[in-house]
Amino acid sequence: METITTAASTLNTNIKRNTSLPIFIMAVAGFVIVTTEFLIVGLLPALSRDLNVSIAAAGQLVTLFAFTVMLFGPFLTAKLSHINRKKLFTFILLIFAGSSVMAALSPNIWVLAMARFIPALMLPVFWGTASETAGQLAGPSNSGKAVSQVYLGISAALVFGIPVGTLAADAIGWRGTFWILAAVSTFLAILIQAYMPTLPVAPHHHREKQTAILKDKGFLAHVGLSILTFIAMFTAYTYLADILERLAFLPSSQVGWWLMGFGAIGMLGNQMAGRIVDRNPLSANIWFLVLLGVGMLMTTLVISNHFWLVAALTVWGVAYTGLFVVCQVRVMKAGSHAQAFAASMNISAANAGIGLGAILGGLGINAYGLNSLTIISTAMSIIAIVMAIFMMRVLR
């Protein structure tokens with residue numbers, strides 16, 4: 001403990017002068033790392049054609065990545081917490097670079113699946129430690145600002161990762177997209193080595209105490225609500241690129257731009273959620289789920305009219321993006337005595353919902369067709385709303 005205190009004191013003197021560059025590098029790294037997870041959704045139509053698999057089968061790559069994050073995230077984050085952050089982040093970025101090369105060279109769906117599994121092990125480790133590292137870099141008086149800067153990169157990836165991948169795939173092919181990710185990840189690893197100062201590692205005992213919130217039934221209910229919410233979000237959204245291409249009859253060259261617009265307008269949801277979630281997180285969750293269901297049903301009803309389709313996707317996009325914020329804040333408030341661990345649990349819950357949503361969507365396509373997905377997703381939204389209402393009455 002004395003060594004850590006001494007190191008922290010020395011660090012304050014050395015890095016206060018310039019923390020903006022390493023924090024910026026971490027924000028860009030967060031964007032690239034999280035984009036690697038979500039861009040696959042925009043690549044599904046191209047992957048399906050090139051690897052000669054069904055769109056439902058290709059969609060299970062989303063499930064594989066999400067379930068890997070869910071199952072291994074908290075465990076690996078805790079296990080690797082003793083490693084120097086500079087070395088850890090460099091290692092993670094090189095893993096992402098190598099796996100992107102593997103994906104670019106994949107001859108079939110099975111090799112590509114392995115190329116998705118490997119980085120999925122490391123994504124939650126980065127996500128779980130990036131904010132803590134940003135706070136250490138900036139110091140207590142500026143930690144909030146530093147954390148928000150890093151999470152801006154992560155939030156941007158959640159919103160724009162899919163359309164960026166779709167546009168890149170259309171321009172240079174899906175393999176070319178992975179080559180670019182490999183190059184950028186390698187470059188960021190070099191920057192981390194060059195500009196990230198060596199930071200003291202936090203002690204283990206505090207992390208171990210945080211797991212006590214797993215005995216809180218109310219907290220576990222909030223985690224369960226996040227799973228249901230993300231199932232509702234991703235049952236249809238996983239296949240949105242295919243919906244736009246096959247049901248709205250948009251040229252494949254335009255799909256990426258539509259998804260970009262979906263993400264851009266969705267940032268309004270981020271702002272709306274940030275303003276209302278603190279007052280009543282469960283109520284905010286309900287209202288955004290209502291918006292989600294309305295937007296998805298509108299999309300089905302007006303799919304052939306592009307003017308009204310824009311309006312429907314606007315409602316859907318606002319709800320979709322807002323729910324990321326609502327779920328994160330809601331679960332962290334429910335686990336207020338162990339917010340770091342609560343945040344990692346919500347990440348696991350979100351990925352469980354993403355994976356289950358991709359499975360449910362694939363089953364829906366096989367059983368009822370692509371046009372059934374928004375209806376199935378809306379039904380899941382209703383189930384989540386019922387659970388949230390029940391929680392509002394039971395949890396005090």
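The values are calculated or read from the model by the stated rules, or taken from the named source; none is laboratory data. Being a predicted model, the structure only gives us computed values, none of them experimental. FYI the Cβ positions are ideal-geometry reconstructions off the backbone, even for glycines, and counts take in every protein chain you see.
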Residues of segment 342-378 satisfying the condition of being surrounded by fewer than 14 Cβ atoms within 10 Å (Cβ to Cβ), in a helix (DSSP H, G or I) and free of Cβ contacts under 8 Å to residues at least 60 places away in the same chain | Ala367, Tyr368
Ala338, sole failed condition from (1) among the hydrophobic types (A, V, I, L, M, F, W, C); (2) part of a helix (DSSP H, G or I); (3) at pLDDT 90 or above = (3)
Which of (1) more than 26 Å from Arg393 (Cβ to Cβ); (2) touching a helix residue (DSSP H, G or I) at 6+ places or on another chain (Cβ under 6 Å); (3) of a type in the set (A, V, I, L, M, F, W, C) does Trp308 not meet, given it meets every other one?
-> (2)
Residue identified as assigned to a loop (DSSP other than H, G, I, E, B), closer than 18 Å to Thr314 by Cα and modelled with pLDDT of 85 or more among Ala248, Ala241 | Ala248
Taking Asp242 as meeting all but one of (1) more than 28 Å from Ile359 (Cα to Cα); (2) among the acidic types (Asp, Glu); (3) crowded, with 19+ Cβ neighbours inside 10 Å, write down the number of the exception.
-> (1)
Which listed residue is free of Cβ contacts under 8 Å to residues at least 24 places away in the same chain and under 23 Å from Arg279 (Cβ atoms), from Val318, Val326, Val386 | Val386
Only listed residue being in a helix (DSSP H, G or I), surrounded by 21 or more Cβ atoms within 10 Å (Cβ to Cβ) and under 18 Å from the mean Cα position of the chain (by Cα), chosen from Phe72, Phe65 = Phe65
When restricted to Val386, Val394, the only residue loosely packed, with under 14 Cβ neighbours inside 10 Å, of a type in the set (A, V, I, L, M, F, W, C) and either at pLDDT 95 or above or touching a Lys or Arg at 6+ places or on another chain (Cβ under 9 Å) (or both) is Val386
Residue satisfying condition, being touching a helix residue (DSSP H, G or I) at 6+ places or on another chain (Cβ under 9 Å), of a type in the set (Ser, Thr, Tyr), under 18 Å from Ala384 (Cα atoms) and crowded, with 18+ Cβ neighbours inside 10 Å, within set Thr314, Thr229, Thr299 | Thr229
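Residue-wise test of (1) in contact (Cβ under 8 Å) with a residue 12 or more places away in the chain; (2) of a type outside the set (Asp, Glu); (3) in contact with a helix residue (DSSP H, G or I) (Cβ under 7 Å, 6 or more places away or on another chain); (4) in the same structural domain as Pro197 (by TED's automatic domain parsing).
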| site | (1), (2), (3), (4) |
| --- | --- |
| Glu37 | yes, no, yes, yes |
| Gln60 | yes, yes, yes, yes |
| Thr63 | yes, yes, yes, yes |
| Gly73 | yes, yes, yes, yes |
| Thr77 | yes, yes, yes, yes |
| Ile83 | yes, yes, no, yes |
| Thr90 | yes, yes, yes, yes |
| Ala97 | yes, yes, yes, yes |
| Ala103 | yes, yes, yes, yes |
Please specify each residue of segment 257-302 satisfying the condition of being more than 23 Å from Val164 (Cα to Cα) and β-branched (Val, Ile, Thr).
-> Ile276, Val277, Ile286, Val290, Val294, Thr300, Val302
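Quick check on this structure: which one of Arg116, Arg85 is under 21 Å from Val34 (Cβ atoms), basic (Lys, Arg) and under 20 Å from the mean Cα position of the chain (by Cα)? Spell out the reasoning first.
On the way: Arg85 fails: under 20 Å from the mean Cα position of the chain (by Cα).
The unique qualifying residue is Arg116.
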